[in-house]
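Enquirer: Structure in structure tokens, see below.
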Amino acid sequence: MIYIVSHYYPPVNNPPARRMDKLVNWLVREYGEQNVTVVTGRPNHPEGKLADGFRWRPYKCHTGRHGERVAHLYELAAPNRGFWRKTLGYLSFAASLFLYFMFRRIKRDDVVLVTVPPIFSGYAIHAVSLLRRKLPYIVDVRDLWPQTVAGMGFLREGGLPYRICLRWSAALYRRAVYRTGLTKGNLAYYRSIGLEHNCIEMPNVVDLETFRCPDEETLRRFRTKHSDWFPEGYRIVLYAGTQSVYMGLEVLVDAVKRIKQGSQPFRVLMIGYGESQPELKRCVAEYGLNDTFRFIPHMTPDSLVSAISCADYCFSSTSTASIMRICLPTKILEYLACGRFILGSHDNDFVNELVAEGLMWNVPAGDDAALARLLEKAVQSPPPDTSEQARRYIREHYSLPVFEQKWQQVFHAIRKSGNQEGENRLRTKAVPPVDRKST
């Protein structure tokens, strides 16, 4: 059995959930639906409201849309804002996860793949593996914790909680039979703690069928329906994603404040939620920028793609924390998949690559004066036409075939690691799926 442990999974609709859905789809095709189980929380993202059918169900198990078994464990529902309430949600899921695997029959050829963050899911699996020695696990690291949390300002770097989490995270990575990392920076960290082997860079996957360039008629109807967001004659700058401390979005508000009156009119659309949103709204009102900014709630994927495609420029930023140099904001990949040109405020090696490719203009993180100059340049002229180049870049580096090939390398390496029982089981061809309609 291959157990996929992810805090987010459909019906939740965010980048981590979509990514794990793609992985599970591939695993089912490769190894059979009878060999894949997803262990996740109760869906409540992003507003902290439980999905229909889960409110009075602390545990629920059903068959997923790919034929996989999905176990929803108890977690405290929490909105995607407020550090401590979200942390309690993560901890409650980790406790449920520990109990689930401690009292579950585990065979010698079973393997767990746990994706982090939230890091507490990884800690739970690590604790189980210490008590149940025959439980091997793969750790799939998207962001390094607690380094990223310290970069957000929620932990003091060097403090006791930080040092405890840092040592536990290193122990989690060392005990794993295989480690993946989102960027080369993750792999460099593994090497710094003595992990040279069984590590691979595992980029995010972008669904090019979902994130696409809609036809002009679809975009025209969307602009007409939302004419307040897309007024005639305005340049549109769009941000879509979590409005959190580590995104450093205050630089955008400060930059807009600096722009001289009488410039080409433009509008900034802020789509999403996050703990920084109340402060951003307060600053917008204080600076008298309510006519420029529009804060828009979470959207369905189709509406989001239309909004992104109607914008002239898409925006991305991160804070000045050093850990952000090795982060890869998923929103940038989705912007590129929609063929959009990007304005950014980053200190990031990946962003530097995009600038060299001609897909993005960037200024240093936190430099609102430089960003104001960049915005003035952008709104005075139409964006560069890089749609085909952007799509091609995503297709070559972040498409589904690339993603599946990378995971094939991971499981092939595990099969060759000497676990003959696991090898024999994983080599078994997938059985044909049951025709549920006929049954």
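The values are calculated or read from the model by the stated rules, or taken from the named source; none is laboratory data. Just so we're clear, the structure is a prediction, and the values are computed from it rather than from any experiment. Cβ: placed from backbone, ideal geometry, glycine included. Neighbour counts: every protein chain shown.
Enquirer: Taking region 228-248 on its own, how many of its residues are among the charged types (D, E, K, R) and surrounded by 17 or more Cβ atoms within 10 Å (Cβ to Cβ)? Talk me through it step by step, then tell me what you get.
Expert: At the first step, the residues of region 228-248 found to be among the charged types (D, E, K, R) are 228, 232, 235.
Going one step further and asking which of them are surrounded by 17 or more Cβ atoms within 10 Å (Cβ to Cβ), we end up with 235.
So the answer is 1.
Enquirer: Then there's this: Which residue, of Gln389, Gln380, is farther than 19 Å from Leu208 by Cβ and either surrounded by fewer than 23 Cβ atoms within 10 Å (Cβ to Cβ) or not aliphatic (A, V, I, L, M) (or both)?
Expert: Details: Gln389 fails: farther than 19 Å from Leu208 by Cβ.
That would be Gln380, the only listed residue that is farther than 19 Å from Leu208 by Cβ and either surrounded by fewer than 23 Cβ atoms within 10 Å (Cβ to Cβ) or not aliphatic (A, V, I, L, M) (or both).
Enquirer: With respect to Ala390, determine if the residue is part of a helix (DSSP H, G or I) and out of contact with any Phe, Trp or Tyr (no Cβ under 7 Å at 6 or more places or on another chain). Lay out the reasoning, then the answer.
Expert: On the way: part of a helix (DSSP H, G or I): yes; out of contact with any Phe, Trp or Tyr (no Cβ under 7 Å at 6 or more places or on another chain): yes.
It is true that Ala390 is part of a helix (DSSP H, G or I) and out of contact with any Phe, Trp or Tyr (no Cβ under 7 Å at 6 or more places or on another chain).
Enquirer: When both residues are 6+ apart or on different chains and their Cβ atoms are under 9 Å apart, which pairs have a first residue that lies in region 390-417 and is within 17 Å of Ile342 (Cβ to Cβ), and a second that is assigned to a helix (DSSP H, G or I) and of a type in the set (Ser, Thr, Tyr)?
Expert: Between residues of region 390-417 that are within 17 Å of Ile342 (Cβ to Cβ) and residues that are assigned to a helix (DSSP H, G or I) and of a type in the set (Ser, Thr, Tyr), the close pairs are Ala390/Tyr335.
Enquirer: Does region 249-271 hold any residues that are modelled with pLDDT under 90 and surrounded by 15 or more Cβ atoms within 10 Å (Cβ to Cβ), and which are they? Please lay out each step first, then the result.
Expert: From region 249-271, those modelled with pLDDT under 90 are 259-265; that's our starting set.
Within region 249-271, just Ile259 meets the criteria.
Enquirer: Next up: Being of a type in the set (Phe, Trp, Tyr), touching a residue at least 12 places away in the same chain (Cβ under 8 Å), outside the structural domain of Gly241 (by TED's automatic domain parsing) and surrounded by fewer than 18 Cβ atoms within 10 Å (Cβ to Cβ): is that true of Tyr31 here?
Expert: In short, no.
Enquirer: Six or more apart or on different chains, Cβ atoms under 6 Å: show the pairs whose first residue is in region 285-304 and on the phi < 0 side of the Ramachandran plot and whose second is aromatic (Phe, Trp, Tyr) and in a loop (DSSP other than H, G, I, E, B).
Expert: If the second residue must be aromatic (Phe, Trp, Tyr) and in a loop (DSSP other than H, G, I, E, B), the pairs left are Arg294/Trp229.
Enquirer: Hey, another quick one. Output the strands (runs of 3 or more DSSP E) that fall wholly within region 40-117 and possess 2 or more residues being under 23 Å from Trp145 (Cα atoms), or say none. Lay out the reasoning, then the answer.
Expert: Details: elements: 60-63, 69-72, 111-116.
Result: 111-116.
Enquirer: For region 342-362, which residues satisfy the criterion of being buried (at least 23 other Cβ atoms within 10 Å of the Cβ) and in contact (Cβ under 8 Å) with a residue 40 or more places away in the chain?
Expert: Leu343, Ser345
Enquirer: Further, regarding this structure: Out of the residues in region 188-227 that are aromatic (Phe, Trp, Tyr) and assigned to a helix (DSSP H, G or I), state the one that is surrounded by the fewest Cβ atoms within 10 Å (Cβ to Cβ).
Expert: Residues of region 188-227 aromatic (Phe, Trp, Tyr): 189-190, 211, 222.
Among the residues that remain, those that are also assigned to a helix (DSSP H, G or I) are: 189-190, 222.
Details: Tyr189: 21, Tyr190: 21, Phe222: 19.
If we take residues in region 188-227 being aromatic (Phe, Trp, Tyr) and assigned to a helix (DSSP H, G or I), then Phe222 is surrounded by the fewest Cβ atoms within 10 Å (Cβ to Cβ).
Enquirer: Condition (residue is assigned to a helix (DSSP H, G or I), more than 28 Å from Arg57 (Cα to Cα) and at pLDDT below 90) applied to region 137-147: is it met by at least one residue? Give the steps one after another, and end with the answer.
Expert: Step one: filter region 137-147 for residues assigned to a helix (DSSP H, G or I), giving 147.
Of the ones still in play, those that are also more than 28 Å from Arg57 (Cα to Cα) are 147.
Filter once more, keeping what is at pLDDT below 90: 147.
Among the residues of region 137-147, at least one is assigned to a helix (DSSP H, G or I), more than 28 Å from Arg57 (Cα to Cα) and at pLDDT below 90, which makes the answer yes.
Enquirer: Please determine whether any residue of region 56-72 is within 20 Å of Ala176 (Cβ to Cβ), assigned by TED's automatic domain parsing to the domain that holds Val28 and of a type in the set (Gly, Ala, Ser).
Expert: We begin by selecting, within region 56-72, every residue within 20 Å of Ala176 (Cβ to Cβ); these are none.
Within region 56-72, not a single residue is within 20 Å of Ala176 (Cβ to Cβ), assigned by TED's automatic domain parsing to the domain that holds Val28 and of a type in the set (Gly, Ala, Ser).
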